[in-house]
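The values are calculated or read from the model by the stated rules, or taken from the named source; none is laboratory data. This is a predicted model, so every value here is computed, not measured. As a convention, Cβ positions derive from the backbone with ideal geometry for all residues, glycine included, and neighbour counts pool all protein chains shown.
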Amino acid sequence: MSLKSWKLLESNFQKNAQKKITDYFSEDADRVKKLSLQWESFYVDYSKNLLDQETLDLLVAVAEESGLNLAIKAYFEGKKINETEDRAVLHTALRQLKPSSIMVDGEDITPKIEEVKKQMYDFADRVISGNWKGHTGKAIKHVVNIGIGGSDLGPAMVTEALEFYSNQLRLTFISNVEGDHVEELIKKIDPETTLFIIVSKSFTTQETISNANTIRKWFLNYSPSSAIRQHFVAVSNNLEKVTEFGIAAKNIFPINDWVGGRFSLWSSAGLSICLSIGPKNYEDLLLGSGKMDEHFRTADFKENMPVILAMITVWYNNFWEVETEAIIPYSQYLRNLPAYLQQAIMESNGKGVDQNGKPVDYQTGNIIWGASGTNAQHAFFQLMHQGTKMIPADFIGFAKPLHQGNDHHDKLVSNFFAQTQALMQGKNAETVREELTQQGKSPQEIEVLLPFKVFEGNRPTNTLFIEQLTPANLGSLIALYEHRIFVQGIIWNIYSYDQWGVELGKQLANNILQDFDKKQIDHHDPSTQGLIEFYKRFRN
Ligand code: F6P
């Protein structure tokens, strides 16, 4: 990178590469105060990182020098920043705190947004209250969301995360093209009381359309075709295909092409969320995200949560050459947040060509993984504490539990704090020696055991500590990650909002599918040919 501030960061990195996080704390008694942010009910502590104030100032300078200010303006104003698809990126328009006009192709999109929201809320009210009846006159009990990628992961994650706020409706998500997934679902549902939402912006996605077709076929074994109207609704941008499928026009919830799939839970793709928690809670989710949008748009970069956290990722990714980043929510409700963020982050920033179409000569999108604490502690934390790789991690937790009256929360929170402390401080040989001596081990035994019990520490983390898991706070949290993605895309000068990388596999799968019935398959590479031949032996 040729930015002046980038070069200065390189020197800062060289100068401090040997320093430990604990050294930074010894040098500055005010470190936590300086390297933490409080905003609404969020407390973000980024002091347990391998950087100092000078590093942060330089990271902010990189953001400024990269033109982040103008880029944010273009993003919120609806400029076509998804250039390779010639689209605006306007999930933020769906959650404006004070809806004001935003022009796309000469049209103000805000009135239509409000209209679709009303359509969603009216529909949700009718289903939740039991006024919307199935074809035999029974109320809906079960809602099945049929979608994949952004049309599944966001709605599924949020529905699960906000289970505490859910009503009597049972929600199920079906995504995989694997027939066993849909067959298992069919065993458990009642055609008289189930509502199916087909969520597909394109309405051409193989997985979604296959599942929808199989379910419709099954449904018609028990119900007349006129019943489709009461049991199938769609969220799509492809009205023609939805109508062909047999869904009534009034049961189509439109979604615009300026909403990217992985950012679509705020749109009609969030219908399943709205059904599960009701319009009021869904509005709160939007409100929380809208507040984070305002913070991101207006706060000085030095106090801007998405900017600071994005730049810390850049620091590890590009200077420390770290490849992965873990996300550990200390909340069972958020167990699928890492999977959701995997798509959001990796589909966005997993790009190897810059905005000029030239291969980048620096690292871009990092690998995201994780699981909920404390479960993760008993799974992969061994590697995080004593393995050979540095894995910066976000620890996310809540100060107030949703259920009162038991003693679990103190235990959860103590684990939440202890892990970042342990990752930073480690345990030195002296302490291990003392402990083993106290346990009555002989000096010989101690020398044998000692190397295995030492923790080198110095492993960086951010702590995102939030008052409580509410719809609004979840909205803010998701929006925080969305804007981190945006900032990183600007710094790496890549297009974050297309996903051409998923196309090749889809194309080849279609070719291979056709070849299962053909004799001549030697146009494939020998390995694939061998696999097809093996498969054909078992295919009925
Ligand atoms: O995985 C590729 C992708 O295009 C995602 O971006 C999108 O969320 C998903 O497929 C589903 O697409 P659709 O909503 O059009 O079915």
*List the pairs whose first member sits in the range 419-446 and is in the same structural domain as N49 (by TED's automatic domain parsing) and touching a residue at least 24 places away in the same chain (Cβ under 8 Å), whose second member is part of a helix (DSSP H, G or I) and among the β-branched types (V, I, T), and whose Cβ atoms are under 8 Å apart, counting only residues at least 6 apart or on separate chains?*
M424/I21; M424/T22; Q425/T22
_When the residues of the range 355-377 are narrowed to those that are more than 23 Å from the chain's Cα centre (by Cα) and not polar (S, T, N, Q), which ends up surrounded by the most Cβ atoms within 10 Å (Cβ to Cβ)?_
V360
*Of all helices (runs of 4 or more DSSP H) completely enclosed by the range 237-353, which ones contain at least 1 residues that are in contact (Cβ under 8 Å) with a residue 60 or more places away in the chain, in contact with a Cys (Cβ under 6 Å, 6 or more places away or on another chain) and closer than 27 Å to L97 by Cα?*
271-298
*asked:* Residue pairs, Cβ under 7 Å, 6 or more apart or interchain, first in the range 499-514 and more than 26 Å from E83 (Cα to Cα), second at pLDDT 95 or above and away from the ligand (no atom under 15 Å from the Cβ). List them.
replied: I512/I532
_Can you find a residue that is closer than 22 Å to V143 by Cβ, out of contact with any helix residue (DSSP H, G or I) (no Cβ under 6 Å at 6 or more places or on another chain) and among the hydrophobic types (A, V, I, L, M, F, W, C) anywhere in the range 247-269?_
yes
*Would you call I174 within 16 Å of the ligand (Cβ to nearest atom) and buried (at least 22 other Cβ atoms within 10 Å of the Cβ)?*
yes
*State all residues of the range 204-234 that are part of a helix (DSSP H, G or I) and within 15 Å of the ligand (Cβ to nearest atom); if no residue qualifies, say none.*
Q206, E207, T208, I209, S210, N211, A212, N213
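This table checks each residue for (1) assigned to a loop (DSSP other than H, G, I, E, B); (2) in the same structural domain as G270 (by TED's automatic domain parsing); (3) within 16 Å of the ligand (Cβ to nearest atom); (4) at pLDDT below 95.
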residue	(1), (2), (3), (4)
K117	no, yes, no, no
Y121	no, yes, no, no
T136	yes, yes, no, no
V143	no, yes, no, no
M157	no, yes, yes, no
F164	no, yes, no, no
*Could you list, in sequence order, all residues of the range 235-244 that are more than 20 Å from L171 (Cα to Cα) and within 13 Å of the ligand (Cβ to nearest atom)?*
N237, N238, K241, V242
*Filter the range 102-115 for residues that are assigned to a strand (DSSP E or B) and free of Cβ contacts under 8 Å to residues at least 24 places away in the same chain and give the result.*
E107, D108
*With (1) under 25 Å from the mean Cα position of the chain (by Cα); (2) away from the ligand (no atom under 16 Å from the Cβ) as the list, and Q168 as the residue in question, which single condition is left unmet?*
(1)
*Condition test on D122, is it loosely packed, with under 15 Cβ neighbours inside 10 Å and on the phi > 0 side of the Ramachandran plot?*
no
_Meets criteria (in the same structural domain as K141 (by TED's automatic domain parsing) and either among the acidic types (D, E) or on the phi < 0 side of the Ramachandran plot (or both)) for A310_ = no
_Give me the residue from the range 329-377 that is acidic (D, E) and more than 16 Å from the ligand (Cβ to nearest atom) and, out of that set, farthest from I148 (Cα to Cα)._
D361
_Take I197 and tell me if it is in the same structural domain as A234 (by TED's automatic domain parsing), within 16 Å of the ligand (Cβ to nearest atom) and among the β-branched types (V, I, T)._
yes
*Got a sec? Which helices (runs of 4 or more DSSP H) wholly within the range 446-540 have at least 3 residues that are within 19 Å of the chain's Cα centre (by Cα)?*
471-491
*Which ones in the range 246-279 are modelled with pLDDT under 95 and either within 13 Å of the ligand (Cβ to nearest atom) or under 22 Å from the mean Cα position of the chain (by Cα) (or both)?*
N256, D257
*Within the range 181-214, how many residues turn out to be exposed (fewer than 15 other Cβ atoms within 10 Å of the Cβ) and among the acidic types (D, E)?*
3
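Here's the yes/no breakdown for (1) more than 16 Å from the ligand (Cβ to nearest atom); (2) surrounded by 23 or more Cβ atoms within 10 Å (Cβ to Cβ); (3) among the aromatic types (F, W, Y):
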site: T463; (1), (2), (3): yes, no, no
site: I466; (1), (2), (3): yes, no, no
site: G475; (1), (2), (3): yes, yes, no
site: I478; (1), (2), (3): no, yes, no
site: E482; (1), (2), (3): no, yes, no
site: S496; (1), (2), (3): no, yes, no
_Filtered residue count, the range 129-147, keeping only those that are surrounded by fewer than 21 Cβ atoms within 10 Å (Cβ to Cβ) and either in contact with a Lys or Arg (Cβ under 7 Å, 6 or more places away or on another chain) or among the hydrophobic types (A, V, I, L, M, F, W, C) (or both)_ = 4
